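A short worksheet on the structure shown next.
The values are calculated or read from the model by the stated rules, or taken from the named source; none is laboratory data. Just so you know, these numbers come straight off a predicted model, no measurement behind them. Methodologically, a virtual Cβ is constructed for each residue, glycine included, from the backbone with ideal geometry; neighbour enumeration extends over all protein chains shown.
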Amino acid sequence: MSLFRVMRGKPLGALGGLLILGLLATALLAPVLAPYDPIKVRSSDRLQAPSLSHLLGTDDFGRDILSRVIYGARISMLLGLGAVAIIGILSGYYGGRIDMVLQRCIDTLMAFPGLVVLLTIMAMLGQGLGNVILALGIGGTAANARIIRSAVLAIRENQYIEVARATGCQDWQIIVRHILPNIAAPIMVVVTLGLGVAILAESALSFLGFGVPPPTPSWGAMLSGSGRTYMIQAPWMAIFPGIAISLAVFGFNMLGDALRDLLDPKLRGGPQGRA
Amino acid sequence: MSRYVLRRLVLLVPTLALVTLLVFSIIRLLPGDIVTLMMSEQGYASDKAKLEQMLGLDQPFHRQYVAYVGKVLQGDLGVSFWTKEPVLDEILRRLPVSLELAVLAMCFGLLIALPTGIFSAVRQDTWLDYLFRTGAIGGLSVPGFWMATVVIVAASIWWQWVPPMRYTPFARDPVKNLAQLVLPAIILGLALSASVMRMTRSMVLEVLREDYVRTAWAKGLPESLVIARHVLKNAMIPVVTVMGLQLSALLGGTVIMESIFVIPGMGKFLLDAITWRDYPVIQGINLFLATGVIALNLLIDVIYGFLDPRIRFG
């Protein structure tokens, strides 16, 4: 299937992909794109409405919102990718080992609402970007470990694995050559959707006062701290980072959904038998 | 069936034991312990040893834990370190508030999710399908607290309406109570509807491809009958799972809505307890939440049996 046909068949997924590409480019090129220093305080420029010199206005410290939103893309990608990497490592380990104790621990973790787990981990670790990543990673592991584990279990029973074993393949060869490519689909879906969840969860943590500490330009912190305080006086302070979060999460979800549809042959094509 | 439920109930014991142990040890690992916090506040004891003894924190960890579990088994969750109120009473007073909010949100969510999900699947890849899906994912993408803030600010500017600062219980004035909860419930429900809608859509899509549905079309049944009788019944099973999982996420989401709309529910209570390191309250709420989620999962599994006679309980 050519890329063009995929994009025509899945316009929403293509839109999501474009949004994510834009986000990635923004994150990578932040120093080039941002017109101002995102952290430097300029008290003469406090709370300015959007104008030509500050396209998205300034905040209560006179910092340019556009520059902060651009640098925020970096923080969000870092957060999301870091959390997903931790989820991957922990799930991979858990998925590979069938351990009663670990399983019970996951059961226990799943018995708590996600946000409560995150709050508790953050209260334990204290504020900080690294700690938020760690908390999101640990918090997100419970549900995802299940998905990856069940995918591995399903693949393991296949005949070609048996054949590979019979022809004398080593365990690692089977894992790398046969199992990993076959669970790539659920992994890709977990990664794209997980990134969206992580960005959203960081904003919820920020709102509750357990997020990335200032002056780091994280989107969640921008719209929950002084952004909320100045909501009536300077609505642009919270509205633009809010839009940035929504667009990023929207993009990841669209892309994840389209990937799931594309990778699941059962969902290809229209319903049969209808007149 | 009853044997299966019984076995699941027995399995509840080790999980809950692990839950209490986990919560009990984690909150004692939190930096900034209650004793230091109390000593920094005016009006509390200044003698550290005396305070620890008063709160029962001078005992070794395992003694504290055994004593706690012993009390829990007798239905006593202890008293709050700060207010000295029995934790169970406080929870029981706040639980109905959070449950009402969660159930209302669930109703709104389903009201949006089921029709749009079914419609999107039946008319797959039409512009309405795209519209509904975009809307659903949009609802999922917007942070709830941000939407709540924007709605409150917009309402106060355009209609001079602000959410009431005092909570009215349902029993006292149902209309006033619902008027207060409806907005947070809609905002919570919106995020919830997104995942239920997507699950409904993909399940209906899958069932639409089954042989028996083709047979139903071939028999010449009208579309409404095919969908209602053959598709929906079979597509609903995973949807029920997602709803169950969402309800537990919802209980977490109420933390945020309750603090924005000043609703005295469990979420707000937990947040305050974490901030103030009120160990018995944190333990009590977590035990309650965990029991609730586990019971919910059991309920879902039982509902499965009714929805799908092929599922046997072994």
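For the criterion of being touching a helix residue (DSSP H, G or I) at 6+ places or on another chain (Cβ under 9 Å) and more than 14 Å from chain B (Cβ to nearest Cβ), residue A:156 passes.
Being in contact with a helix residue (DSSP H, G or I) (Cβ under 6 Å, 6 or more places away or on another chain), surrounded by 14 or more Cβ atoms within 10 Å (Cβ to Cβ), modelled with pLDDT of 75 or more and of a type in the set (Gly, Ala, Ser) is a condition met by no residue of segment A:93-100.
A search for C-beta distances below 6 Å between a residue of segment B:103-132 that is touching a residue at least 40 places away in the same chain (Cβ under 8 Å) and any residue that is part of a helix (DSSP H, G or I) and surrounded by fewer than 20 Cβ atoms within 10 Å (Cβ to Cβ), counting only pairs 6+ apart in sequence or on different chains, returns B:108/B:186; B:120/B:129. Filtering segment A:101-135 to residues that are in a helix (DSSP H, G or I), at pLDDT 70 or above and more than 20 Å from residue B:289 (Cβ to Cβ) leaves A:125, A:129, A:130, A:131, A:132, A:133, A:134.
The residue of segment B:1-24 that is modelled with the lowest pLDDT, among those that are of a type in the set (Ser, Thr, Tyr) and surrounded by 12 or more Cβ atoms within 10 Å (Cβ to Cβ), is B:4. One residue stands out in segment B:261-273 among those that are assigned to a helix (DSSP H, G or I) and surrounded by 23 or more Cβ atoms within 10 Å (Cβ to Cβ): the one that is modelled with the lowest pLDDT, namely B:267. Scanning segment A:235-246 for residues that are in contact with a Gly (Cβ under 7 Å, 6 or more places away or on another chain) and either more than 9 Å from chain B (Cβ to nearest Cβ) or of a type in the set (Ser, Thr, Tyr) (or both) returns A:236, A:237, A:244. In segment B:120-161, of all residues being among the aromatic types (Phe, Trp, Tyr) and more than 8 Å from chain A (Cβ to nearest Cβ), the one that is surrounded by the most Cβ atoms within 10 Å (Cβ to Cβ) corresponds to B:132. Could you check, for segment B:246-256, whether at least one of its residues is farther than 27 Å from residue B:132 by Cα, part of a helix (DSSP H, G or I) and within 12 Å of chain A (Cβ to nearest Cβ)? Checking segment B:246-256: at least one residue is farther than 27 Å from residue B:132 by Cα, part of a helix (DSSP H, G or I) and within 12 Å of chain A (Cβ to nearest Cβ). When the residues of segment A:184-238 are filtered to those that are part of a loop (DSSP other than H, G, I, E, B), out of contact with any Leu (no Cβ under 6 Å at 6 or more places or on another chain) and aliphatic (A, V, I, L, M), the one that is modelled with the highest pLDDT is A:208. Quick one: would you say residue B:115 is more than 29 Å from residue A:248 (Cβ to Cβ), assigned to a helix (DSSP H, G or I) and either of a type outside the set (Phe, Trp, Tyr) or within 14 Å of another protein chain (Cβ to nearest Cβ) (or both)? Here the answer is no, as residue B:115 does not meet what is asked.
Hey, does segment B:103-111 have a residue that's within 10 Å of another protein chain (Cβ to nearest Cβ) and at pLDDT below 90? No, segment B:103-111 contains no residue that is within 10 Å of another protein chain (Cβ to nearest Cβ) and at pLDDT below 90. Could you tell me which of the residues B:190, B:178 is within 14 Å of chain A (Cβ to nearest Cβ) and not in a loop (DSSP other than H, G, I, E, B)? The conditions single out B:190. In the set (1) at positive phi; (2) buried (at least 17 other Cβ atoms within 10 Å of the Cβ), the condition left unmet by residue A:168 is number (2). Within the set A:232, A:183, A:245, A:187, the sole residue that is without any contact (Cβ under 8 Å) to a residue 12 or more places away in the chain and either of a type in the set (A, V, I, L, M) or at positive phi (or both) turns out to be A:232. Of all the residues in segment B:142-189, those that are hydroxyl-bearing (Ser, Thr, Tyr), farther than 25 Å from residue A:115 by Cβ and touching a helix residue (DSSP H, G or I) at 6+ places or on another chain (Cβ under 8 Å) number 1. Test residue A:153 against the criterion of being touching a Gly at 6+ places or on another chain (Cβ under 6 Å) and assigned to a helix (DSSP H, G or I), and give yes or no. Taking the combined requirement at face value, the residue does not satisfy it.
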